[in-house]
Amino acid sequence: MPAFENVVPALARALTARGFEALTAVQSAVLSPDVQGEDLVVSAQTGSGKTVAFGLTLANTLLDGHAKLEQPGAPQALIIAPTRELAMQVRGELEWLYAPVGGRIVSCVGGMDMRDERRALNQGAHIVVGTPGRLVDHIRRGSLEMQGLKAVVLDEADEMLNLGFREELEHILEASPAERRTLMFSATMPRPIEALAQKYLRDAVRL
């Protein structure tokens, strides 16, 4: 069995079952003991293994030393992605990665039936993956509980700003607990991304 350094043992088994033989550079970087619990700004291209990277580092935050996640209730982590396609892809990756620890992943994306999503949220979730506009809708309607969040991930943050989602991102981050952990993944680091990181991340480590 390959040795995956700093990976929660149950998730290491999921990686092995999936055919992983080694971690990618971005996965190793976010798992470094020096950055555990820190806010991160990560330069990562599509295809660099960033979904698994944030899945692995979130596990340390969510499991907090336990072997399994508690019963699903209010979400503990929120992942924001620019498009429905990417959000569904992220959900699929996290489902196999978190299966050994009993993870329940719910998606909230534009173009899907909002009532179905509300029902899924009511049944409890550990991680919610969604697109900015739909997440704001759920927050405003009270169907997405934000107070239990331990972490928020902005996936492809530059793409979300390019698509005009700045206000939605700010709304979501302002509705999240102040003491949360925030991870920002972006292929490029234009000035608006820098400004967002300065405003909403605490002493973020850059990788």
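The values are calculated or read from the model by the stated rules, or taken from the named source; none is laboratory data. In this text the structure is predicted, and so the values were computed from the model without any measurement. For neighbour counting, all protein chains shown are included, and Cβ atoms are generated from backbone atoms with ideal geometry for every residue, glycine included. Calculation scope for accessible area: heavy atoms of the full protein, side chains included, ligands and nucleic acids excluded. Shrake-Rupley method; radii C 1.70, N 1.55, O 1.52, S 1.80 Å.
What does the accessible area per residue of the chain come to in Å², with a 1.4 Å probe and no ligands, DNA or RNA counted?
Per-residue value: 46 Å².
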As an exercise, use a Förster radius of 45 Å and the Cβ-Cβ distance of residue 187 and residue 68 to find the FRET efficiency, rounded to the nearest 0.05.
0.85
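Once you have the Cα-Cα distance between residue 85 and residue 202, take 0.36 nm times their residue separation minus that, and quote the gain in nm to one decimal.
Full extension of this stretch gives 39.1 nm more.
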Could you tell me what percent of the accessible area of the range 53-172 is made up of carbon and sulfur, with a 1.4 Å probe and every protein chain present?
43
Might you work out the accessible area of residue 35 for me, using a 1.4 Å probe with all protein chains in place, and round it to the nearest 10 Å²?
10
Additional length obtainable on full extension of the chain from residue 32 to residue 194, 0.36 nm per residue less Cα span:
56.0 nm
DSSP H helices in the chain with Cα extent of 15 Å or more along the helix axis and mean Kyte-Doolittle hydropathy at least -0.5?
50-63, 84-98
Straight distance only, please: which lysines reach the Cα of residue 199 with their own Cα at less than 22 Å, same-chain residues fewer than 8 apart left out?
150
What FRET efficiency would be calculated for the residue pair residue 166, residue 3, taking the C-beta separation as r and a Förster radius of 35 Å, to the nearest 0.05?
0.25
Of all stretches in the chain that avoid trypsin sites (Lys or Arg not before Pro) placed in a DSSP loop and having at most 14 other Cβ atoms within 10 Å, the longest is 69-201
Placing one equal point scatterer on each C-alpha of the range 89-201 and summing with Debye, one gets log10 I(q)/I(0) at q = 0.15, 0.17, 0.18 Å⁻¹ equal to -0.68, -0.87, -0.98
In whole Hz, what ³J(HN,Hα) sequence does the range 37-43 give by Karplus (6.51, -1.76, 1.60; θ = phi - 60°), x for Gly and Pro?
x, 8, 6, 10, 10, 10, 7
Which one is right for this structure if P(r) over Cα pairs in 10 Å bins from 0, in percent is calculated from it: (1) 9, 38, 39, 14, 1; (2) 8, 33, 35, 18, 6, 1; (3) 8, 32, 39, 19, 2, 0?
(1)
